[in-house]
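A short worksheet on the structure shown next.
Just so it is clear, none of the values below were taken in a lab; they were calculated from the coordinates. The structure displayed is predicted, hence computed values, not measured ones. A quick note on method: Cβ atoms are made from the backbone with ideal geometry, for glycine too, and the neighbour counts reach across all protein chains shown.
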Amino acid sequence: MVKQEVSFFWFRRDLRLEDNVGLFQALKSKYPVIPLFIFDDSILDSLPKNDARVGFIHESLSKINQQLQETGSSVLVKKGKTIDVWQSLIQEFDAKEVFFNKDYEPYAIQRDTIICEILEANNTISYSFKDQVIFEEKEIIKADGLPYTVYTPFKNKWLEKYKSMAPVPEYDATDMFSNFHKNSFTFPTLEQIGFEESPIKVKPHNLKFIANYHDIRDFPALDKTSYLSPHLRFGTVSVRKLVNWAFHKNDVFLSELIWREFFMQILFSFPKVVTQNFKSAYDGIQWRNNDDDFKRWCSGTTGYPMVDAGMRQLNETGYMHNRVRMVVASFLCKHLLIQWQWGEAYFAQKLLDYELSANVGNWQWAAGTGCDAAPYFRVFNPEIQQKKFDEKGSYIRKWIPEFDLGYGKPMVEHAMARDRAIATYKAGILK
Ligand code: FAD
């Protein structure tokens with residue numbers, strides 16, 4: 001049987017039809033374009049069956065599928081090891097071209113290199129594009145050609161480059177939707193992928209408060225941040241549209257989006273940060289790594305209301321306010337002397353917006369081991385943080401209903417823990 005000549009657009013962390021660079025380029029192909037998504041067993045096998053992120057991916061794909069059905073097309077959804085799926089796709093179709101957007105995480109880079117080799121051996125041309133960032137890889141570098149490791153000069157260079165081209169182009173492919181392959185692939189249910197609904201859901205993003213963002217973002221009870229993070233993680237919003245819009249609205253908000261790119265660039269240039277300290281001088285710190293202490297931190301029963309409220313918010317909703325993330329991370333590393341990798345792994349399991357670069361970058365920032373990190377002798381006092389950022393205790397009461405009934409004692413006394421942390425760091429940092 002003659003195989004059909006087609007191109008593929010491979011969706012990964014760019015789950016939208018709007019302003020999607022790789023998709024825009026794919027639809028210019030002279031072959032009909034099959035939109036494809038692969039549920040990758042190498043990732044899924046390590047997740048609980050009710051992982052809310054898988055549910056969100058499924059829901060986002062389902063929306064794309066409905067939009068595509070209006071054009072007579074549909075998403076081809078596969079599940080398996082990525083390599084096996086591609087091997088069988090090139091048996092089934094005469095795949096002329098494959099288009100996808102770049103993913104800069106170490107696992108993804110390795111996976112894509114292998115897939116591109118398989119495609120090349122089949123005479124299929126693959127094309128990859130920058131889509132999830134404004135500036136990627138080596139676009140923002142120092143005059144000496146090395147990557148920035150300090151945020152402020154990175155941000156200044158980023159802004160200088162962005163201003164020279166603002167607004168960055170957006171890619172509307174609506175006129176080319178007729179180039180999608182005409183088909184009606186069966187869209188699997190979540191159960192057919194081996195998962196089930198989670199009570200935890202991704203919230204829609206919200207940008208109404210943007211003008212006051214800098215004044216209100218640090219107060220968790222106000223709950224006034226954008227909730228964009230899972231949407232940026234899975235690409236249900238376009239970063240170009242967002243930055244072009246935010247550029248004239250609020251500098252502090254824009255700076256947060258630049259932090260996102262800073263940590264992505266650090267991960268790309270220094271992949272060792274996934275597991276190792278960015279500053280190797282900190283490798284000699286003698287962590288206590290006590291299992292029982294870690295369990296109390298995870299369950300939100302440390303006796304410090306701000307820490308406990310944050311951990312309970314995380315456990316119940318898959319989200320935690322940024323200010324509180326900083327407090328709980330500092331508490332784990334400094335008060336309990338548990339190495340950042342433990343906390344990073346726990347966040348990775350629980351966060352709907354889990355993003356390797358931001359998680360590792362922020363955890364190393366809190367631990368003092370990262371680039372441009374908080375100095376090791378800065379130990380957040382969870383009680384003062386609470387007074388400053390949740391003065392009336394509204395955030396705490398929301399997540400700790402028993403708070404007013406007489407809350408338990410702190411598991412570790414602050415002044416002792418602070419001195420112990422500073423002494424331990426001092427003794428462990430290699431000169
Ligand atoms: P907003 O305040 O509305 O910010 C808008 C966007 O800017 C965010 O969606 C995010 O993309 C970006 N941003 C904001 N702050 C940061 C930051 N410090 N670093 C990088 N990007 C930032 N963010 C993640 O997306 N994934 C993670 O896994 C993650 N882990 C974290 C771990 C720790 C210990 C800490 C302290 C922070 C972590 N953050 C992480 C950063 C930040 O807490 C979240 O991005 C933010 O709380 C998400 O809520 P929002 O979208 O409402 O934020």
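Listed values, structure above:
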quantity: Relative contact order [Cα under 8 Å, 6+ residues apart], the chain, whole percent; calculated: 17
quantity: Length added when fully stretched, D84-Q349, from 0.36 nm per residue minus Cα-Cα; calculated: 92.8 nm
quantity: Cα centroid separation - the range 1-65 against the range 350-392, whole Å; calculated: 34
quantity: Per-residue Cβ neighbour rank within 10 angstrom, fewest leading, M1, M416; calculated: M1, M416
quantity: Cα shape, the chain, gyration tensor, a/c 1.5 rule; calculated: prolate
quantity: Anisotropy class of the range 53-178 from Cα gyration tensor, a/c 1.5 cut; calculated: prolate
quantity: Tally of Lys pairs whose C-alpha atoms are under 17 Å apart, taken over the range 260-413, 8 or more apart or cross-chain; calculated: 5
quantity: Amide N proximity, the range 160-201 versus Q4 label position 7 Å along Cα-to-Cβ, cut-off under 20 Å; calculated: 176-188
quantity: Amide H partners (placed H, <5 Å) of K79, local residues excluded; calculated: F39
quantity: Taking F180, F187 and counting other C-beta atoms within 10 Å, the order from fewest to most; calculated: F187, F180
quantity: Sequence of Y107, Y227, Y395, Y213 once ranked by neighbouring C-beta atoms within 10 Å, starting from the fewest; calculated: Y107, Y227, Y213, Y395
quantity: Spin-label zone in the range 296-331 - amide nitrogen under 14 Å from a point set 7 Å from the Cα of W259 along the C-beta vector; calculated: 320-330
quantity: Chain lengthening between N183 and T113 when straightened (0.36 nm per residue, less Cα-Cα); calculated: 22.3 nm
